[in-house]
Amino acid sequence: MGAPLLEVENLKVHFETEDGLVKAVDGISYTVDRGQTLGIVGESGSGKSVSSLTVMGLTRSRNARISGTVRFNGKDLLGASEEDMRSIRGNDIAMIFQDPLSSLHPFYKVGAQIAEGVRAHRDVSKAQAWDRAVEMLSLVGIPEPRKRADAYPHEFSGGMRQRAMIAMALANDPKLLIADEPTTALDVTVQAQILELIERLQSEFDTAVVVITHDLGVVAEMADEISVMYAGRIVEKADTDTIFAAPEHPYTWGLLSSIPRLDASRDEELVPIPGRPPSLINLPGGCSFHPRCPYVREAHKKVDPKLEPVAGNPGHQSACLLDSSVRRKLWSELRTGVKPDEARADVMAAEEKAV
Amino acid sequence: MSTGTGASDLLHADDHGIDQIVAGEAPVAARSPLALFWRRFRKDKVALVALTFIVLLVLVAILAPVIRNLVGAPPPGQTSTDALDDFGLPQGPTSEHLFGVDSIGRDIFARVLDGARVSLLVAFIGTGLSVTIGVTLGMIAGFFRGWVDTLIARVIDILLAFPVLLLGLGLASACSTKDGCLGGALEPGLTIVIFIIVLSNWPYVARIIRGQVLSLREKEFVEASRSLGAGNMRIIFREILPNLVAPIIVYASLFIPANILLEAALSFLGVGVTGQASWGQMLSEATGKIDTAWWYMFFPGMALLLTVLAFNLVGDGMQDALNPKGNKQK
Amino acid sequence: MAAYIARRLLWVVFLLFTITCITFVIFSVLPSGDPAVARAGRSPSPQLVEVIRVQLGLDKSKPEQFINYIGDILPFVGGNGIYLGFSYQNNTDVLPEILERLPVTIFLATGAVILWLSIGIPLGVLSAVKTGSALDRIAMGIALLFISAPVYFFGLVALYLFDDQIGIWPILPGNSAYGEADSLLGKAEALIMPWCVLAAAFAAIYARFLRGNLIDTLQEDYIRTARAKGLSERRVIFRHGVRAAITPIVTLLGLDIGILLGGAILTETVFNIPGIGRYAFNAITVSDLPVIQGTVLFGAFFIVMMSLIVDILYAFIDPRVRY
């Protein structure tokens, strides 16, 4: 196997603001192989969107300070010229966004917006580009594509708009598709259809996909690997099965227990993570998650945890200061339906005994 | 003129991200909205200078007679042939008449001071009344809804579709004939100018306030207050009104300079302020004399220009400080 | 679409009727002075006043006077054969006088509109794209200055500086030059200064408005999409940004044209241009109420008609507008 398609190394995106330095992305690394799907999961403001916009070269603020490396197909993207980036955007790397209505231009016909993207990268006539747009619309399952290409975005339903966005993104056969919260703005019933569509097209075109979401449920089916982000950093990464079966970070536990599980009993309560994401200007000292972590110790407020391989599984990394055995014990209790508070009490008691 | 490098600039980098976080938590949240507003406004040096100018101008207007005595200028209405030369042409600026005199020998400095009083009086009273009426009717419409709302909203729609200023000009000129209007009940002058200002301004205020109240009354904190047994009055004054301060300030800051210009324009056309010196009226009188007496148009014109400019600068500064992410002027 | 236009037309008819009523009240009911006396001149005999009263139909009831007033400008109604009232001062019907001056006002307005659009739009776009740059700051500073200065003061300053009779640099025909010019070219030359003075304030307003709009638009999600497609920055800004940001300008422009066609009263007054505005101003100075009433009504007509045109036009340029 050659080099990965996308390689992000120690990427930092900081913004200088009146109120201080916002560390939106603070040293994250990940790779995506051809045809593979990576899920990046985190609450809003965890830096997941900023990091992928940076990959696309779309972090346009004058106050952004970007460091690290982003290599795509072996080519350094952060150092690339604007002209080079332009030829990559929408051609090799395409992106779809959360709200398809606001992401489509209200004044242009859907077909024209897709055709425009085609003509930006291909030397084809307007008619050919239009035909390609119609072809793509039919591919993403829009009925009567020739007629619908002639309609404006506001004449589409939410799901159809997102299909059109996907058609636009895939029109140039990109090698990598970044989907930023692709289903968040959609009805629950439509969400599954869109995810299915992305999966189907991915296998058809052998596209690598990065799915960014706040909802682990979205990536459960489609992702090969998952990175969990919190406050600008990756706090846990592993293959999807491991994330769901043996997560090692309290934040991931929190995310897992806030999604409904199909295999759980009906009366299982969903437990939201208490508190709010921290200010990225004044990050809490030590582990950034400590103010919201039910299992916090005094020491965690001072030591900054590193993302380290979990014992026994080199592909699984976690940034948590809790002892590995404690983490496993906690998780095994939590998955049987124990509340975080109860689990915490148990661990405390066990530790006291040990002392 | 927002050129801020605020956190809001980053909005397009992550539209559901940074802004929320920067504003969401300590230490930013620890500041009160007013302190935050002042902190942002203070950074705008130009607006601060303009604000200082306005404060001085208000003082000058209030103390006009005192200042006039200090520099030894005659009263604004006093004519004097001494200041006219042998051909009956007015004199330019001298130590005796700082800004020169007009064609019937009145001291322009004293008249510019007098004009400041008129300008500010009309602008403040007109704007104040418009905002009061607009806020009151807008709140009634938005809060009580029902037929009251329908009625007020219709009136607003119709007034906004009307060429109110043009009709106002007509009214002012119809009532500027020597007999006035309605058997003298509507006299030409200040009253009609303020009436026109209020008539043309209040629908804009009412419309925006109505919209805000309609959305505010559904907010959680209002619901919470209601469930705690708060009465309508309490909800209006304690929960809703404080949230309307920002749009009210923005509108007032837009209206004041516009109203100063409106008063000046009406007075320029001869249907505005009578009996007192007004900048617009002085410019009108100066129209035929620009070749012989430049000071006649220059001083009132500059007074008008600087005053409106200062209010516009402060208004821009306030809007930027209240709403740093919006760049819209309206 | 047809139903939409029909609805708008009905609304326009309602507005115009109401405006006509209101102007009638303002000019014929509110004023305390007797128009017949005003018409009769200095110390008239009571008999003369009576004759005039009958002549102008002032002996009739107010409703009858109103029908007489509007009758002749409406199809099929008919009145007393006086179109839009009778000018005391000029001894003529008002409407023909207005129509005679309309081309002058149209000439003034058209030139100014072209000038301010061709300055305001590029400046607004440039300022928005280069927000915070020296160019943006200087342009917006000057714009604010122009917005703050009353057009008549700028007009006076322009005359003082450039008028070919009295100016410090006598390079342009100025006061009254339009009426004196006999060729079209001469008239155009006479309008150079008024065009510039009138356009300055509007160019400033449009530049500020477009700048603000474009800055907001460039933060829209669909601009991000356009960039993500790999379009050139030029195309992103013009095809996607400006196309959306400039649309509301149509509304602004329509209303401004409507207002100007009714007479650029201040500009026409300062430069003594014989348009509708100057006609109205002259009438104001001599309290010739029927003329003021006629010009107000005429101006209101343009404003209402332009807002109708704008509404219909808007439906074509913004596909989201539903009829």
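The values are calculated or read from the model by the stated rules, or taken from the named source; none is laboratory data. The model shown is predicted, which means the values in this text are computed figures rather than measured ones. When we count neighbours, we look across all protein chains shown, and the Cβ atoms used for this are built from the backbone with ideal geometry, even at glycine.
How many of the residues making up segment C:111-122 are closer than 20 Å to C:Ser176 by Cα and either hydrophobic (A, V, I, L, M, F, W, C) or within 12 Å of another protein chain (Cβ to nearest Cβ) (or both)?
1
Quick test of your reading of the structure: C:Gln219 fulfils all but one of (1) within 11 Å of another protein chain (Cβ to nearest Cβ); (2) part of a helix (DSSP H, G or I); (3) over 26 Å from C:Leu308 (Cα atoms); (4) not basic (Lys, Arg). Name the failing condition by number.
Of the numbered conditions (1) within 11 Å of another protein chain (Cβ to nearest Cβ); (2) part of a helix (DSSP H, G or I); (3) over 26 Å from C:Leu308 (Cα atoms); (4) not basic (Lys, Arg), the odd one out for C:Gln219 is (2).
Name the residues in segment C:299-323 that are more than 14 Å from C:Leu15 (Cβ to Cβ) and either among the acidic types (Asp, Glu) or crowded, with 23+ Cβ neighbours inside 10 Å (or both), would you?
Once the filter is applied, which keeps residues that are more than 14 Å from C:Leu15 (Cβ to Cβ) and either among the acidic types (Asp, Glu) or crowded, with 23+ Cβ neighbours inside 10 Å (or both), segment C:299-323 yields only C:Asp318.
Can you find even one residue in segment B:275-292 that is charged (D, E, K, R) and free of Cβ contacts under 8 Å to residues at least 24 places away in the same chain? Quick ask: steps written out before the conclusion?
Let us first name the residues in segment B:275-292 that are charged (D, E, K, R), namely B:285, B:289, B:291.
Still in the list and also free of Cβ contacts under 8 Å to residues at least 24 places away in the same chain: B:291.
Yes, there is a match, as at least one residue in segment B:275-292 is charged (D, E, K, R) and free of Cβ contacts under 8 Å to residues at least 24 places away in the same chain.
Among the residues of segment A:19-55, which ones are under 19 Å from C:Asp221 (Cβ atoms) and more than 11 Å from chain B (Cβ to nearest Cβ)?
If the condition is that a residue be under 19 Å from C:Asp221 (Cβ atoms) and more than 11 Å from chain B (Cβ to nearest Cβ), then A:Val55 is the only one that fits.
Being at the interface with another protein chain (Cβ under 10 Å from one of its Cβ atoms) and more than 28 Å from B:Ile192 (Cβ to Cβ) is the filter here, so list the residues in segment C:10-68 that pass it.
Scanning segment C:10-68 gives C:Trp11, C:Val12.
Which numbered condition trips up A:Phe244, out of (1) aromatic (Phe, Trp, Tyr); (2) crowded, with 19+ Cβ neighbours inside 10 Å; (3) modelled with pLDDT of 85 or more?
Result: A:Phe244 fails condition (2) only.
Is it the case that C:Thr247 is of a type in the set (Val, Ile, Thr), away from chain A (no Cβ under 14 Å), within 23 Å of B:Leu254 (Cβ to Cβ) and surrounded by fewer than 20 Cβ atoms within 10 Å (Cβ to Cβ)?
No: the conditions fail for C:Thr247.
Looking at segment A:117-131 only, could you name the residues that are touching a Leu at 6+ places or on another chain (Cβ under 8 Å) and among the aliphatic types (A, V, I, L, M)?
Listed by number, the list holds a single entry, A:Ala120.
Identify, from the list B:Ile235, B:Ile194, B:Ile156, the residue that is out of contact with any Lys or Arg (no Cβ under 6 Å at 6 or more places or on another chain) and farther than 28 Å from B:Gly301 by Cβ.
Matching residue, one of B:Ile235, B:Ile194, B:Ile156: B:Ile235.
Identify, please: which residue in segment C:222-261 is of a type in the set (Ser, Thr, Tyr) and part of a helix (DSSP H, G or I) and is, among those, farthest from the chain's Cα centre (by Cα)?
C:Thr225
Can you pull out every residue in segment C:111-141 that is part of a helix (DSSP H, G or I) and loosely packed, with under 15 Cβ neighbours inside 10 Å?
C:Ile114, C:Ser118, C:Pro122, C:Ala134, C:Leu135, C:Ile138, C:Gly141, listed by residue number.
Based on this model, can you work out whether C:Ile82 counts as more than 14 Å from chain B (Cβ to nearest Cβ), within 29 Å of the chain's Cα centre (by Cα), surrounded by 14 or more Cβ atoms within 10 Å (Cβ to Cβ) and closer than 30 Å to C:Arg320 by Cα? Give the derivation first.
Working: more than 14 Å from chain B (Cβ to nearest Cβ): yes; within 29 Å of the chain's Cα centre (by Cα): yes; surrounded by 14 or more Cβ atoms within 10 Å (Cβ to Cβ): yes; closer than 30 Å to C:Arg320 by Cα: no.
The answer is no for C:Ile82.
Which condition breaks for B:Ala110 when tested against (1) part of a helix (DSSP H, G or I); (2) surrounded by fewer than 21 Cβ atoms within 10 Å (Cβ to Cβ); (3) touching a residue at least 12 places away in the same chain (Cβ under 8 Å)?
(2)
State which residue is farthest from A:Leu195 (Cα to Cα) when the search covers only segment A:135-145 and only residues that are free of Cβ contacts under 8 Å to residues at least 60 places away in the same chain and part of a loop (DSSP other than H, G, I, E, B).
A:Glu144
Would you pick out the residues in segment B:87-107 that are buried (at least 16 other Cβ atoms within 10 Å of the Cβ), hydrophobic (A, V, I, L, M, F, W, C) and within 19 Å of B:Gly288 (Cα to Cα)?
B:Phe99, B:Val101, listed by residue number.
When only residues in segment A:93-134 that are touching a His at 6+ places or on another chain (Cβ under 8 Å) and in a helix (DSSP H, G or I) count, which is surrounded by the most Cβ atoms within 10 Å (Cβ to Cβ)?
Restricting attention to segment A:93-134, the residues satisfying the condition of being touching a His at 6+ places or on another chain (Cβ under 8 Å) are A:98, A:101, A:105-106, A:113.
From the residues that got through so far, the ones that are in a helix (DSSP H, G or I) too are A:101, A:113.
Details: A:Leu101: 17, A:Gln113: 26.
Among those that are touching a His at 6+ places or on another chain (Cβ under 8 Å) and in a helix (DSSP H, G or I), it is A:Gln113.
Residue by residue, here is whether (1) on the phi > 0 side of the Ramachandran plot; (2) of a type in the set (D, E, K, R); (3) away from every other protein chain (no Cβ under 14 Å) holds:
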residue: C:Leu95; (1), (2), (3): no, no, yes
residue: C:Leu102; (1), (2), (3): no, no, yes
residue: C:Ile106; (1), (2), (3): no, no, yes
residue: C:Gly124; (1), (2), (3): no, no, no
residue: C:Ala128; (1), (2), (3): no, no, no
residue: C:Arg137; (1), (2), (3): no, yes, no
residue: C:Phe154; (1), (2), (3): no, no, no
residue: C:Pro173; (1), (2), (3): no, no, yes
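Quick test for you: out of B:Gly92, B:Gly115, B:Gly105, pick the one residue that is within 14 Å of another protein chain (Cβ to nearest Cβ), in a loop (DSSP other than H, G, I, E, B) and more than 29 Å from C:Cys21 (Cα to Cα).
Just one listed residue meets the conditions, B:Gly92.
Across segment A:185-237, what is the number of residues that are crowded, with 22+ Cβ neighbours inside 10 Å and on the phi > 0 side of the Ramachandran plot?
2
Residue-wise test of (1) free of Cβ contacts under 8 Å to residues at least 12 places away in the same chain; (2) in a helix (DSSP H, G or I); (3) not assigned by TED's automatic domain parsing to the domain that holds A:Gln128.
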{"site": "A:Lys147", "(1), (2), (3)": "yes, yes, no"}
{"site": "A:Arg161", "(1), (2), (3)": "no, yes, no"}
{"site": "A:Thr189", "(1), (2), (3)": "yes, yes, yes"}
{"site": "A:Glu196", "(1), (2), (3)": "yes, yes, yes"}
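Quick check on my filter: what residues within segment B:119-166 are within 14 Å of another protein chain (Cβ to nearest Cβ), under 30 Å from C:Met305 (Cα atoms) and surrounded by 22 or more Cβ atoms within 10 Å (Cβ to Cβ)? Give the derivation first.
From segment B:119-166, those within 14 Å of another protein chain (Cβ to nearest Cβ) are B:119, B:123, B:154-155, B:157-166; that's our starting set.
Still in the list and also under 30 Å from C:Met305 (Cα atoms): B:154-155, B:157-166.
Hits for segment B:119-166 are B:Pro163, B:Leu166.
Scan segment B:171-185 and tell me whether some residue there is hydroxyl-bearing (Ser, Thr, Tyr) and in contact (Cβ under 8 Å) with a residue 60 or more places away in the chain.
yes
For segment C:278-290, enumerate the residues that are more than 10 Å from chain B (Cβ to nearest Cβ), crowded, with 22+ Cβ neighbours inside 10 Å and either at pLDDT 90 or above or more than 14 Å from C:Ser87 (Cβ to Cβ) (or both).
Passing the criteria: C:Arg278, C:Tyr279.
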